[in-house]
1. Rounded, prolate or oblate for segment 312-364? Axes are the square roots of the Cα gyration tensor eigenvalues, ordered a ≥ b ≥ c, and the cut-off for rounded is a/c under 1.5.
2. When DSSP assigns beta bridges and you keep just the ones with both residues in segment 227-357, what percent turn out antiparallel, to the nearest 5?
3. Using the Karplus curve 6.51 cos²θ - 1.76 cosθ + 1.60 with θ = phi - 60°, work out ³J(HN,Hα) for each residue of segment 576-589 in order, rounded to whole Hz, and write x for Gly and Pro.
4. How high is the FRET efficiency between LEU612 and ILE208 when r is their beta carbon distance and R₀ equals 22 Å, given to the nearest 0.05?
5. Which far-off residues, 5 or more places away or on another chain, put their amide H under 5 Å from the one on VAL442, with H placed in the peptide plane?
6. Which order do the peptides 50-57, 161-168 come out in when sorted by mean C-beta neighbours inside 10 angstrom, highest first?
7. Using amide H atoms built 1.01 Å from N in the peptide plane, name the residues 5+ places from GLY447, or on other chains, whose amide H lies under 5 Å from its own.
8. So how strong a dipole does segment 576-733 carry about its Cα centre when Lys and Arg Cβ are +1 and Asp and Glu Cβ are -1, to the nearest 20 debye?
Amino acid sequence: MSASRRSTSLSDSSAEIERMESTGSWDDALDWFKLEVQHPASRSVSHHANYKCLLEAERVVVEGYGVVLINTDEAGTLIVTNFRLIFLSEGTENIIALGTIPLATIEKFSKMVVKSQSAPRQSEKTPSQRLLQVIGRDMRIIVFGFRPKTKQRRAIYDGLLRCTKPSRPWDLYAFNCGPSKFTNANPKVRLLNECFRLLGKGFCSASIDMIDKGSYTLSNELWRISNVNSDYIMSPSYPFALIVPKSISDEEVVHASSFRSKGRLPVVSWCHPGTGAVLARSSQPLVGLMMNMRSNTDEKLVAALCSQLGGDKKGRRKLYIADARPRKNALANVAMGGGSESPSHYFQSEVVFFGIDNIHAMRESLSRLRDYLDTHGSTSSDGTLSLLRHGGWTWGGGNLSSMSASVATLGDSGWLIHVQSVLAGSAWIAARVALESASVLVHCSDGWDRTSQLISLANLLLDPYYRTFTGFQALIEKDWLAFGHPFEERMGMPTVSGCSDKPLDLSRQSSVGSFPSSPMRQSSGSFAPQAPSSSHAQNQYSPIFLQWIDCVSQLLRMYPFAFEFSSAFLVDLLDCVLSCRFGNFFCNSEKERQLVGVSESCGCLWAYLADLRSSEGRSHVHYNLFYSPLKHKGPLLPPAAALAPTLWPQFHLRWACPSEAQAGELEAQCRNMSLKFSELQKAKEGAEKKAKETTNAMESLSAELQNEKRLSSSAMALAKRASKESAAIKRAIQSLGCKVHFAGGGDTTVDIETNPMGITQESVFSHSKRESDGIVQHQYNSDLSISISAVADDVVSNNPLDRVCGAICPSRARDGGCRWPEAGCAQLCSQFIGVKANYDAIDSLSIYETYFDTREEGK
């Protein structure tokens, strides 16, 4: 795609625009001249605005200004990117959802011309309206109107042709965007883990190394995992790992595959963990033109599906062969070598035909339903206000309601009849397995369309695991992707697996037959077709997967407590699949996706949806508010009377009648209550967190307070002890004939009264305590100095003054006991108090002669 082509001229801005004066058409609502003045068409698309709405790796290819969305009469800018067709509102540049559609979701688009009804004298002056109709696979029909005498429509149309039909697969947006943060783990690992779960080996975990070595062939008493198709030679459309009866060898498996169409032999899709009954799938048998062809190996394989009944029941279990086709269709396939089984050839079996129509009938039915809704909806593509938009009656006298729109009121579309057929067949299969412990083999022609619908829906009814997010993903990856539903053909996706020159299945059909006639169209002229229609046989597009999701939504409506996911999740899942934004549903088989390297080159849809849910938790719209796993722990077996489907409003009506597409009033109220509850829960958690922090802070402060109390108690004890010691010292000094006065300021006054000269000396001294050596010194202002020291009793001194306490203590009794047990010296365990006097200063006091008579010592 060259840069010159991307710079296609959109219009000639110098062209004169005539004022349209016609009546009775869209021109009444449009002022083309004003649009031209406000948004002059650019000559080149090389200077694109930096739109905020673009996704990662999304680039603008062409733009058109002053375009009108006919459905809603809104003017704005139409942009073609490598991923979407985007319609932005005028001025605000907000995305208009109805006019914005992924390119891969477009089923067909075409240019149309309609002549407006004008006055007789101005019939030659009135130009034709240039329109572009886009029909989507998501139930919408949108029409864009372009300004006259410009080339914008041609530029947009050419841009759509280039982007919807790229020359190389790698030009697709999914490959340009890459895995990004939505990386895709190997889907083969997930498939193998599901096989382990079905065999009761859920404790085993699959790995790439296990797959490479082929060491995944585990088994239980009845079934085993075979790697016979690991190279996809036996059956290119089957997965690499197959669950088969344990009694059947790989050689017999290969031999049996030759008797089935496309090599799709009978294999196990689901096995009951209690009874041993299984759901098996295959394609039609090749019985030949005379219907006399048989295969002993195939009959042995089918018989092995009917293991012995356990418990009180004896004998072999019954086998039902469920043919999804009408009986006449099965007989018609005999001409091509196909057909159906004969009950006489398969032991204890019964063949049942479900009568579900083929892919072409489903495609035409959905197309009729889409046209019907477009005609009667509130945003009709013909630009007129329908009866519903006028507030009048429609469909039996009431406003459009999905719950009251029965099968009969939807014209001849037949869509709900087809949905009912699939639901009834799946419910019948589930009932046979759950109630009779019978095994069921399901097939259609090739075993990848109606078979996938029936077998996966029966799985959903029987196993509660598949009604969770994780299980629903495993179910789709097993019975749709791994077993080869051709998504590339059925969804009309761009070709990835084939050659680059292979034409796409995207049809550019005229919409002549798609528009129901309306009063305005009848008076406005005819539409000119721009492309030939494709043949019925070559068009392989069919909404098979969409129809199955519709069936799931019907079950969700019938059993609102049984599913973890909501209807909004199913809508988003379908939108992601149709948009081709991710690579999970590319190609037609597991083999093709592996050859292309889709999982390594593209993002993962499941990772994207999981990321959406994680942003809001359980309050996200994807979660079903009513889900109660304990309420439906077993199989769901809906009665036949309950299988009356209705329109799926969130999908079918979201474009034609948006007001009806909203969730029910009860669900909306519950969701609002859930949001409020979530907010209150967060507030509660925040309050609890603050309360916990406050409690921790209080505990810390309490611990500090207790520590302060201990320190205070210790200080008080020390103060009391010091007071007692001071009192003891005072009494000891007073016993020497001195008077001691302790002042509050720390000063001590000592009066010595034993002065023979009658001289009273008063000394004032201050004390200081040295904690390093435990000595308290008193410095006298006079020549008299007294030193009081505390000496431990284990210290022996040779100084005779150290023993004075025992000799002069007046409180010592004759027996040597202390009369003053509360004294500080007694409490210090025989600590001595020595008094050292300065003899030069107190010689006149004759203290030494009086108390320390050396003559007595000499004696």
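1. On the way: a/c = 4.65, a/b = 1.96, b/c = 2.38.
Here segment 312-364 falls in the oblate category.
2. Working: 6 of 11 bridges.
Roughly 55 percent of the DSSP beta bridges within segment 227-357 come out antiparallel.
3. Couplings: 5, 5, 5, 6, 6, 6, 10, x, 4, 10, 6, 6, 10, 7 Hz.
4. On the way: r = 28 Å, r/R0 = 1.26.
Calculated value: 0.20.
5. Distant-sequence amide H within range of VAL442: ALA280, ARG281, SER282, ALA322.
6. Details: 50-57: 12.2, 161-168: 16.0.
My ranking of the peptides, most packed first, is 161-168, 50-57.
7. When sequence neighbours closer than 5 places are left aside, the close amide H contacts are GLN284.
8. Details: 22 positive and 16 negative charges, 267 e Å.
For this selection, approximately 1280 debye.
The values are calculated or read from the model by the stated rules, or taken from the named source; none is laboratory data. On a predicted model such as this, the values are computed, not experimentally measured, just so you know. In this analysis, Cβ positions are derived from the backbone assuming ideal geometry, glycine residues included, and neighbour counts consider all displayed protein chains. Ligands, DNA and RNA are stripped out before the accessible areas are found, and what is left, the full protein with its side chains, is counted by its heavy atoms. Shrake-Rupley method; radii C 1.70, N 1.55, O 1.52, S 1.80 Å.
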